[in-house]
Amino acid sequence: MSNYGGSPQGNGEPSSFILRPPQPDPSRPAPAPYPAPGHLAPQPQPQPDATDPGAGRLIAGRYRLLAKLGHGGMGTVWRAADETVGREVAVKEPRLPDHLPERERANAFERMRREARAAARLDHPAVVNVHDVAVEGGQPWIVMELVQGSSLGAVLQEGTLGTREAARIGLQVLGALEAAHQAGILHRDVKPDNVLLGRHDRVVLTDFGIAQIEGETSLTDTGGFVGSPEFIAPERVLGQRPGPASDLWALGVVLYAATEGVSPFRRGNTPATLQSVLNTDPPAPGAAQGPLAQAIGGLLVKDPARRMPADRARRLLEEAAAPPPPTPTVVHSALPQSSGGKQGVTLSRKALLSTGGAVVAAFVAMALVLTNPFAADADQDDKWKQRAEKQLGATLSAPDAYERWTPKESNSDQDWVRYEDPSGAVWIMLDLTRKDDSLSGIAGTAAAEAYDDAETFRESGSSDLGVSSDSKLKMQTKVDIDYKGQKAATNSGTFVDTSDSDSPDPREFRIFYYKTKSGDMYKLKVMYPGKGDLTERGREVAERTIKELDITQL
């Protein structure tokens with residue numbers, strides 16, 4: 001998997017340092033363990049690999065270099081022996097071109113020191129442990145735990161991951177990012193090569209070499225950025241200040257690549273890759289299914305304010321990683337019968353018929369509950385609530401049981417809101433595009449906006465609706481619809497959700513368009529299943545929600 005970082009698969013384009021895990025050599029015996037404390041018998045010590053130039057060097061009078069594990073643009077990682085405490089460690093050696101100006105060399109060394117500080121501040125099992133920063137020849141050598149295993153990047157060279165395994169790895173990386181963000185640290189280079197898969201199912205996020213610690217000055221030169229192009233969030237490409245959402249975007253790209261086998265934004269060169277990050281909506285995942293596909297789609301929303309927050313991504317990944325529920329056991333019940341003279345209970349014919357009727361009624365009631373899992377929510381769905389969204393200048397009508405969902409980073413200027421039913425199968429979203437947004441591209445009328453969207457949907461799909469270009473989309477546009485004496489428009493249609501390739505899911509949607517006299521554009525979107533018990537309910541919700549929408553600034 002290419003990351004433009006000087007690895008054998010890369011193309012030589014600049015990137016951050018790549019940490020590659022050890023690859024077992026079957027021709028070499030495994031090193032003998034170090035003696036336990038108090039053990040007097042001499043034990044063989046790991047010997048340096050004579051084929052690696054530099055092996056055998058002693059760093060800071062303590063760390064004996066044994067063999068190279070990997071290298072990248074900023075350094076080489078060695079397997080080493082800590083001769084003071086008797087354990088194997090990984091040591092990162094700074095490796096910079098001799099012609100590099102002194103200022104840039106100083107920046108690189110400071111970046112390595114920053115990596116050590118960043119990782120050392122974190123206490124999480126999915127973050128690599130940093131033991132020491134040794135100074136040798138005026139250069140910092142980072143000493144960290146040795147994680148025996150392979151990088152996710154190396155694993156993906158052999159094939160893709162299944163849904164549950166990708167979700168499990170994603171959960172661990174998400175946990176490491178949450179710990180970093182709570183400590184005020186942004187990783188800024190989340191990619192498969194920086195995710196190590198160790199023993200006992202351990203997942204470790206490493207290489208905080210370009211991490212940004214809150215309150216510290218940036219090491220990036222003016223007008224530049226660091227990181228691997230295909231994993232850089234759109235806001236960073238645009239030069240905006242990154243936040244936790246930027247790391248979550250990179251996690252979404254990692255999960256997409258892990259299950260689909262290809263990065264959604266990689267192109268032949270760095271400028272084309274960055275242009276793809278900004279302007280290309282990737283096809284809906286085909287291999288990823290259900291909650292994992294939802295998590296990937298939510299993490300790859302280009303607007304960081306609308307991007308899925310960590311807590312919701314965690315819930316979806318936990319659901320995707322969970323083992324399938326056990327097959328329910330069918331219990332066969334027998335009605336009481338006469339004991340034929342033996343000890344037991346004897347019922348009269350009248351009592352037997354009454355008991356049988358009760359049992360049948362109980363099974364019928366149970367069957368109704370099992371075949372209609374949303375029956376308990378039906379009464380709540382019949383109760384509607386007017387929800388005033390002051391920041392949008394509108395009041396939205398939705399069933400009382402529907403839950404409001406917005407990112408943690410939302411604020412008073414949030415320009416959209418979404419409500420979901422308890423199952424997550426039906427959702428309502430009100431979106432406001434303001435006239436003074438320089439990137440809005442609002443059409444002249446509601447009808448023109450509806451036609452423009454329809455054309456876009458047919459050509460390349462829409463990330464808002466999760467519609468891909470191969471999803472058998474059918475759409476109908478209606479214009480000059482009356483809304484409080486003003487003209488509005490709608491798009492309605494069907495498509496096939498292919499996120500689960502084994503069981504494609506038909507979906508229906510309806511979008512209402514209204515442009516205010518001041519030039520702002522409102523879009524009210526309702527999405528629901530295209531077949532099953534919730535289809536008619538979804539149509540009713542769409543009809544009523546659109547009918548009862550109250551925009552205060554017409």
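Quick note: the coordinates plus some simple rules give every number you see, no bench work behind them. Quick caveat, the model's predicted, so the values are computed rather than measured. Neighbour counts run over all protein chains shown; Cβ positions are idealised from the backbone, glycine included.
Within 10 Å, count the other beta carbons around each residue, average over each peptide in 424-434, 56-66, and list them highest first. Kindly include the intermediate steps, with their values, before the conclusion.
On the way: 424-434: 19.5, 56-66: 16.9.
The most tightly packed comes first, giving 424-434, 56-66.
Can you list the lysines whose alpha carbon is less than 25 Å from that of residue 68, not counting same-chain residues fewer than 8 positions off?
In chain and number order, the partners are 92, 191.
Among 183-192, 278-287, how do they line up by average Cβ neighbours within 10 Å per residue, starting with the highest? Intermediate results must be reported in sequence, preceding the final value.
Details: 183-192: 22.8, 278-287: 17.7.
Per-residue mean Cβ counts within 10 Å order the peptides as 183-192, 278-287.
Sorted from fewest to most neighbouring beta carbons within 10 Å, what does the list 311, 415, 193 look like? Walk me through the numbers on the way to the answer.
Values: 311 11, 415 17, 193 30.
Ascending Cβ contact count within 10 Å gives the list 311, 415, 193.
Would you mind counting up the charge near residue 62? Only other residues with Cβ under 11 Å from its Cβ, with Lys and Arg at +1 and Asp and Glu at -1.
Numbers: positive: 64; negative: 82, 83, 132, 136.
Local charge sum for residue 62: -3.
Just add up the charged neighbours of residue 479: K/R +1, D/E -1, any other residue whose Cβ is under 15 Å from the Cβ of residue 479. Don't jump to the answer; show the numbers that get you there.
Details: positive: 478, 487, 510, 515, 523; negative: 449, 452, 453, 455, 480, 482.
Overall, the nearby charge balance is -1.
Please say if the stretch 143-185 is rounded, prolate or oblate, where rounded means a/c under 1.5 for a ≥ b ≥ c the square roots of the C-alpha gyration tensor eigenvalues, and otherwise the choice is prolate for a/b larger than b/c and oblate otherwise? Intermediate values should be presented prior to the final figure.
Details: a/c = 2.93, a/b = 1.38, b/c = 2.13.
Oblate is the answer for the stretch 143-185, as a/c is 1.5 or above yet b/c matches or exceeds a/b.
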